[in-house]
Amino acid sequence: MKIRLIQNGLISEIDDVEDTVQPPVNGFYWIDASPFDLDVLQPLFGLHHLAVEDCIDEEEQRPKLQIYGDHYFLVINGIAFHNQDIFLREINVFIGSKTIITVTKQEAPEFTAMQPIIREKEVNRPDEFLYYLVDQVVDRYFDVIEKIEDLIEDLETQILMNTRKAHLDQIIGLRSEILYARKMLLPQRDLIDALHKKELPLLQPAMRKYFGDIVEDAAKVVESFETFRELIGNLREAYQSALAGRANDIMRVFTALTTIFMPLTIVTGIYGMNFDYMPELRQPYGYFVVLGVMAGIGLTMYVVFKKKEWL
């Protein structure tokens, strides 16, 4: 557990959590905790037991806003993208008039980015902190969106250049990841919209317009993932079309080769008949003449097929 006193952008480390029970005259306390710390924090700050259960629960929580008397509970989902896998990191936030408690099961890079922001923007209230935290979370979605766009473009190029079965596995895997993220994006957009539109006593009215800007960004993120879902469908169609085209090319080559060898088979069939009297059998150079005719027929047909782009 890390405890910080934030006053007009200045950050001071606090050693004893008991010192945070008394609200500061200026500024607020930021307590960065893990689920194991809630046994201590719940009685100190009167955290609602349902919110504490959500923080401890192994099941993934959907983004939401719960109002519990003197504090609010929010669930926000951060995002990361690695090796074509999307990872959503649950960030639980308790916000009071002079305290903000963040609870995560793993390290959240958004918190590292928050400290220079606190100093630069001279943050002095929990609602300001919440705004910049949510803004950081949504901004990271745009970084992931760029990576997914690059991946889809690269995958499309590979499919068109040289279709392989592994591409289908990539398409199915990426589609699953996008649908998984999209399922959480819609409630997250609604959560931010609630921070923008609802009259919440712990959020100053002046902060609501700032959350309105984030709502627009969250809507763009949702639209991007909707677009990705359509693009993945197009990729699958492109894969199937490429496979069908490749099969057609192979069949066209086989058909052309079969057609070329058909007259040659007729010639060899004729001269393979076991008659005693065939005029050409007694010619000194009959064998070489027949071979030449067969080669000529095959070469002529190959040239014709090549010109017609059948081969």
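The values are calculated or read from the model by the stated rules, or taken from the named source; none is laboratory data. Everything numeric in this text was worked out from a predicted model, so none of it was measured. So basically every Cβ, Gly included, is an ideal-geometry build from the backbone, and we count neighbours across all protein chains shown.
The set of residues in the range 221-244 that are in contact (Cβ under 8 Å) with a residue 60 or more places away in the chain and among the basic types (Lys, Arg) contains only Arg236.
Screening Glu110 on (1) surrounded by 14 or more Cβ atoms within 10 Å (Cβ to Cβ); (2) not in a helix (DSSP H, G or I) shows it passes everything except condition (2). Could you list, in sequence order, all residues of the range 214-251 that are at pLDDT 75 or above and of a type in the set (S, T, N, Q)? If the condition is that a residue be at pLDDT 75 or above and of a type in the set (S, T, N, Q), then Ser224, Thr227, Asn234 are the ones that fit.
Here is a check on your reading of the model: is Gln170 more than 25 Å from Asp217 (Cα to Cα), assigned to a helix (DSSP H, G or I), of a type outside the set (A, V, I, L, M) and assigned by TED's automatic domain parsing to the domain that holds Ile232? Considered against the rule, which asks whether it is more than 25 Å from Asp217 (Cα to Cα), assigned to a helix (DSSP H, G or I), of a type outside the set (A, V, I, L, M) and assigned by TED's automatic domain parsing to the domain that holds Ile232, Gln170 comes out as yes. When each of Glu156, Glu128 is tested for being surrounded by 19 or more Cβ atoms within 10 Å (Cβ to Cβ), in the same structural domain as Leu10 (by TED's automatic domain parsing) and charged (D, E, K, R), the lone residue that passes is Glu128. Filtering the range 209-238 to residues that are closer than 26 Å to Tyr131 by Cβ and of a type in the set (A, V, I, L, M) leaves Ile214, Val215, Ala218, Ala219, Val221, Val222. Scanning the range 51-65 for residues that are in contact (Cβ under 8 Å) with a residue 12 or more places away in the chain and not in a helix (DSSP H, G or I) gives Glu60, Gln61, Arg62, Pro63, Lys64, Leu65.
Residue count for the range 7-45 satisfying the condition of being part of a helix (DSSP H, G or I) and either over 19 Å from Ser97 (Cβ atoms) or of a type in the set (D, E, K, R) (or both): 8. Within the range 36-50, not a single residue is touching an Asp or Glu at 6+ places or on another chain (Cβ under 6 Å) and either at positive phi or without any contact (Cβ under 8 Å) to a residue 24 or more places away in the chain (or both).
Collect the residues in the range 14-44 that are modelled with pLDDT under 90 and acidic (Asp, Glu), keeping them in residue-number order. Hits for the range 14-44 are Asp15, Asp16, Glu18, Asp19. Does the range 226-240 include one or more residues that are assigned to a loop (DSSP other than H, G, I, E, B) and over 27 Å from Glu90 (Cβ atoms)? The answer is no, given that none of the residues of the range 226-240 is assigned to a loop (DSSP other than H, G, I, E, B) and over 27 Å from Glu90 (Cβ atoms).
If I filter the range 252-311 down to residues being among the aromatic types (Phe, Trp, Tyr) and within 54 Å of the chain's Cα centre (by Cα), which single residue comes out as modelled with the lowest pLDDT? Steps first, answer last, please.
Applying the first criterion (among the aromatic types (Phe, Trp, Tyr)) to the range 252-311 yields 254, 261, 271, 275, 277, 285, 287-288, 302, 305, 310.
From what is left, the residues that are within 54 Å of the chain's Cα centre (by Cα) are 254, 261, 302, 305, 310.
Values: Phe254: 75, Phe261: 78, Tyr302: 78, Phe305: 73, Trp310: 63.
Among those that are among the aromatic types (Phe, Trp, Tyr) and within 54 Å of the chain's Cα centre (by Cα), it is Trp310.
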